[in-house]
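The values are calculated or read from the model by the stated rules, or taken from the named source; none is laboratory data. Remember, it's a predicted structure, so these values are computed and weren't measured experimentally. Please note: Cβ atoms are built from the backbone with ideal geometry, for glycine as well, and neighbour counts cover all protein chains shown.
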Amino acid sequence: MNFNLTQIPERTVKPRTYGLTMVMDKGLSVEEVKNFLSIAHPHVDIVKLGFGTSYVTPVLREKLEVYKQFDIPVYFGGTLFEAFLIRNQFDDYINVCKDYGITYMEVSDGSIEIPHAEKCGYIEKLTKHGTVLSEVGSKDATHIIPPYKWIELMRAELEAGSSYVIAEAREAGNVGIYRGTGEVREGLVQEILTQIPGDRIIWEAPQKAQQLYFINLVGPNVNLGNIAPSEVIPLESMKIGLRGDTFHMFLDKHSAK
């Protein structure tokens with residue numbers, strides 16, 4: 001860091017397996033990616049090209065090359081996986097990932113219904129081609145999944161080979177683990193954490209209040225996802241107690257002045 005401060009909580013260092021920040025790129029240009037990474041790359045672990053944006057993004061290969069230069073893995077949003085799947089193009093999806101050098105893949109069923117055993121089968125197949133992240137939860141706000149079912153689904157997907165399970169929230173943070181207002185479904189989250197290892201869960205948390213909740217609950221090395229590029233530095237500051245929301249969180253009350 002740029003100068004010495006005592007009582008800063010220890011953060012994992014890259015390449016890290018927990019304490020991850022997953023960023024959602026919804027259509028940055030090549031130059032915007034360069035600018036973004038010039039300042040934020042030490043704090044970015046994974047980048048998701050949101051939903052189906054990779055299909056319509058010009059100069060996609062050049063953009064992916066910039067991320068590669070910074071050793072940041074990129075994956076296509078789960079909605080694109082589902083778009084291939086519903087068109088019976090699963091093998092084409094694998095070939096596209098290979099063609100573009102994508103070694104991280106998301107398996108989701110937020111937009112279409114996939115029998116869970118079948119979903120786990122796709123996870124198993126994709127582990128032969130790279131690192132799999134699987135998303136649990138529906139994008140339909142009316143589809144409420146009880147806590148025991150979240151746990152059951154997450155456990156099965158980890159056993160099928162997912163490196164991480166992603167707790168669905170959409171880009172707005174108003175479904176899945178959140179109510180329509182963006183408020184955390186605290187009972188759900190805390191029950192999940194009694195059964196599923198926290199370092200294997202990426203909590204989608206696009207809103208600051210949601211990020212703060214998980215830092216309070218899990219600590220500075222919580223895995224957070226769907227972070228906007230412009231929020232990476234503010235989030236890292238908040239994770240280590242250098243933002244008003246967490247300023248007193250990590251201070252030794254007896255020695256801090």
remark   = Among (1) free of Cβ contacts under 8 Å to residues at least 24 places away in the same chain; (2) part of a loop (DSSP other than H, G, I, E, B), Leu251 falls short only on (1)
remark   = Of the residues in segment 78-93 that are more than 21 Å from the chain's Cα centre (by Cα) and within 19 Å of Glu157 (Cα to Cα), the one that is surrounded by the fewest Cβ atoms within 10 Å (Cβ to Cβ) is Phe90
request  = Could you grab me the full set of residues in segment 78-92 that are touching a helix residue (DSSP H, G or I) at 6+ places or on another chain (Cβ under 7 Å) and more than 20 Å from Val136 (Cα to Cα)?
outcome  = Asp92
inquiry  = For segment 235-250, check the following and say yes or no: at least one residue is more than 24 Å from Ser162 (Cβ to Cβ), buried (at least 16 other Cβ atoms within 10 Å of the Cβ), touching a Phe, Trp or Tyr at 6+ places or on another chain (Cβ under 8 Å) and modelled with pLDDT of 95 or more.
reply    = yes
note = The one condition Asn4 fails out of (1) farther than 13 Å from Val66 by Cβ; (2) surrounded by 14 or more Cβ atoms within 10 Å (Cβ to Cβ) is (2)
ask   = small (Gly, Ala, Ser) and in a helix (DSSP H, G or I), is that true of Ser230?
value = yes
inquiry  = Against the definition (at pLDDT below 95 and acidic (Asp, Glu)), how does Glu157 come out, yes or no?
reply    = no
message = Just the residues that are surrounded by fewer than 20 Cβ atoms within 10 Å (Cβ to Cβ) and either aliphatic (A, V, I, L, M) or within 19 Å of Ile166 (Cβ to Cβ) (or both), please, taken from segment 52-63.
response = Gly52, Thr53, Val56, Val59, Leu60
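For segment 153-184, how many residues are β-branched (Val, Ile, Thr) and without any contact (Cβ under 8 Å) to a residue 12 or more places away in the chain? Write out each step before concluding.
Looking only at segment 153-184, we keep the residues that are β-branched (Val, Ile, Thr), and these are 165-166, 175, 177, 181, 184.
Those left that are additionally without any contact (Cβ under 8 Å) to a residue 12 or more places away in the chain: 181.
Qualifying residue count for the region: 1.
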